[in-house]
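J.: This is the structure I have questions about; it appears just below.
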Amino acid sequence: MISEKMKGFVVNSSAIRAMFEEGKKMAAQYGAENVYDFSLGNPNVPAPREVAEAIRQVLDEEDPVLVHGYMNNSGYEDVREAVADSLNKKYGTRYGASNILMTVGAAGGMNVFFKTILNPGDEVITVSPYFGEYRSYVGNYDGKLVAVPAMPDTFQPDAEGIREAITERTRALILNSPNNPTGAVYTRESIEAVAAVLREAEERFGNPIYLFSDEPYREIAYDGIDVPWVPSMYADAIVGYSYSKSLSLPGERIGYLVIPSGIEGFEDFIAAANTANRILGFVNAPSLMQRAVAKCLDCSSDVGFYDANRRILTENLAAFGFTFVEPKGAFYLWIKSPEADEKAFVRKAKEERILIVPGSSFGCAGWVRLAYCVSRHTVEGALSGFAKLAGDYGLS
Ligand code: PLP
């Protein structure tokens, strides 16, 4: 018999995955080339060639006992050093190996973070719409996720709304920029405003409120937009990074946490996070991938491909009369549903063999998310269906 708590997780288990399964069924029925599946953030641009080369090099040239062995739970010292050096070059910081904890992707890093800080009943604030798994990651440790709606239109975080949501039980705030699902990139000003609210609340309640900056899309940003380094604006910030999107390696489960030395309770935090990584059963991040990504720190998959998809979609959907948030980063388009019930719109889109995800999966009804990390065929093939939908709704 499964636990009561797990029953809840199963019931709420991601509608996005359900949609993905639906896509596979439709592909079998209509032929894969006739189904336009924008449901999942699974990068379709291949990992850069350097990744395969690095894996081969590790296997051919490094000591197999080292490559496949147990290690410090934080990860290989030299890999963490290399990650720290690369961040220092980019952001003018002074991190060392002790500030980096290699993780099993962003999901692993967030679970380590919440296990480290949460007592049952503690609260974690996030900005809605948000990546739906946050609710489960916080719930794993009996925390409570509190969603504060983003600013209408811009989808930047609402510092005043966050101020009102903070209580004595607030332990952390999650920010995610570039954002899934809106494609918004948070400006320096909006992060500064949130940081000021958090600092004031830390003082008022006399305990740290950590800012968890969830950044799997950090490198996926367009038109040279600034993606600010959050710890330079707030002392108690921790960054969660993943190679799932930037190097197209979601199945490899590799990422890291940046835990700056200046955060409140640094030594205890590091000891607890290390232990969390072990006792959650990760033990350490995958060893071969740690060694491989350390050789690819300056590589990136072809962001230009996503950018071209973005342009095709935004130009056409605007011409058809759809309202959406102009995406500045990540590979998602956040579209206003032409009818109040966005699930009905999702069903109508399915009749055109277009798969998109209802905004309620992200805590924000009335909108839908389209993931454009898909082939050009999918993007172009879906346009006539979108034109038909626009006509049916009388948008154009
Ligand atoms: N955070 C956000 C905002 C995401 O979109 C995702 C994956 O889609 C994750 C975290 C989890 O990423 P990972 O595959 O690295 O665990």
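The values are calculated or read from the model by the stated rules, or taken from the named source; none is laboratory data. Please read all numbers here as calculations on a predicted model, not as lab measurements. Glycine also receives a Cβ, built like all others from the backbone with ideal geometry; neighbour counts cover every protein chain displayed. Note: accessible area is taken over every heavy atom of the protein model, side chains too, but ligands, DNA and RNA are not part of it. Shrake-Rupley method; radii C 1.70, N 1.55, O 1.52, S 1.80 Å.
J.: I'd like the distance separating the alpha-carbon centroids of segment 142-220 and segment 326-341, in whole Å.
T.: Cα centroid to Cα centroid, the span is 21 Å.
J.: Next up: For segment 79-112 and segment 276-318, what is the centre-to-centre distance using only Cα atoms, to the nearest Å?
T.: Using only Cα atoms, the two centres lie 15 Å from each other.
J.: When the scattering of segment 49-293 is computed by the Debye formula from its Cα atoms alone, each counted once and equally, what is log10 I(q)/I(0) at q = 0.07, 0.11, 0.12, 0.18 Å⁻¹?
T.: Log-scaled intensity ratios, in q order: -0.22, -0.55, -0.66, -1.49.
J.: Residue separation times 0.36 nm, minus the C-alpha to C-alpha distance between Ile2 and Asp341: what's the value?
T.: Numbers: separation 339, 0.36 × 339 = 122.04 nm, distance 3.37 nm.
Length gained, Ile2 through Asp341: 118.7 nm.
J.: A further question follows. Taking the mean number of other Cβ atoms within 10 Å as a proxy for protection, how do you rank 342-350, 312-320 from highest to lowest?
T.: Those peptides, ordered most packed to least, come out 342-350, 312-320.
J.: Let's see if you can work this out: charge +1 on each Lys and Arg Cβ, -1 on each Asp and Glu Cβ, no other charges. What is the dipole magnitude of the chain about its Cα centre, in debye to the nearest 20? Write out the running numbers ahead of the final one.
T.: Working: 38 positive and 51 negative charges, 189 e Å.
Its charge dipole is roughly 900 debye.
J.: Quick one: if you stick a label point 7 Å off each Cα along the C-beta vector at Ala52 and Ala18, how many nm between them?
T.: About 3.8 nm, to one decimal.
J.: Hey, in the chain, which Cys have no second cysteine's beta-carbon closer than 4.7 Å?
T.: Cys364, Cys373
J.: Out of every Cα pair in segment 122-188, what percent are spaced more than 15 Å from each other? Intermediate results must be reported in sequence, preceding the final value.
T.: Values: 1072 of 2211 pairs.
For segment 122-188, the share of Cα pairs beyond 15 Å comes to 48 percent.
J.: Which one, Asn284, Ser13, Ile191, projects farthest toward the positive side of the charge dipole computed for the chain from Cβ point charges (K/R +1, D/E -1)?
T.: Going by the Cα projections, it comes out as Ser13.
J.: Please work out the Cα convex hull volume for segment 235-309 and give it in Å³ per residue.
T.: 127 Å³
J.: Filter Lys245/Lys295; Lys245/Lys336; Lys24/Lys295; Lys115/Lys343 down to the pairs with a C-alpha to C-alpha distance above 27 Å, please.
T.: Lys24/Lys295; Lys115/Lys343
J.: Related question: Just need the relative contact order of the chain here, percent rounded to a whole number, with Cα pairs under 8 Å and 6+ apart.
T.: 24 percent
J.: With all protein chains present, how much of the accessible area of the chain (probe radius 1.4 Å) comes from carbon and sulfur, to the nearest whole percent?
T.: 51 percent
J.: Now, a different point. In debye, nearest 20, what is the charge dipole magnitude of segment 208-290 about its Cα centre with +1 on Lys and Arg Cβ and -1 on Asp and Glu Cβ, if you could check? Present the calculation step by step, with values, prior to reporting the outcome.
T.: On the way: 4 positive and 10 negative charges, 72 e Å.
About 340 debye.
J.: Sticking with this structure for a sec: Calculate, in nm to one decimal, what Lys144 and His377 gain on full extension: separation in residues at 0.36 nm each, minus their alpha carbon distance.
T.: Numbers: separation 233, 0.36 × 233 = 83.88 nm, distance 4.16 nm.
Contour length minus the Cα-Cα distance gives 79.7 nm.
J.: Moving to a separate point now. Computed FRET efficiency, Cβ-Cβ of Arg163 and Glu203, R0 22 Å: what is it to the nearest 0.05?
T.: Values: r = 13 Å, r/R0 = 0.59.
After rounding to 0.05, the efficiency reads 0.95.
J.: What percentages, rounded to whole numbers, describe P(r) for segment 158-249 computed over all alpha carbon pairs with 5 Å bin width beginning at zero?
T.: Histogramming segment 158-249 at 5 Å steps yields 3, 13, 24, 24, 17, 10, 6, 2, 0 percent.
J.: So between Glu77 and Glu326, what do we pick up on full extension, going 0.36 nm a residue minus the alpha carbon distance?
T.: The span from Glu77 to Glu326 would gain 85.5 nm if fully extended.
J.: Give the percent of DSSP beta bridges with both residues in segment 49-293 that are antiparallel, rounded to the nearest 5.
T.: 30 percent
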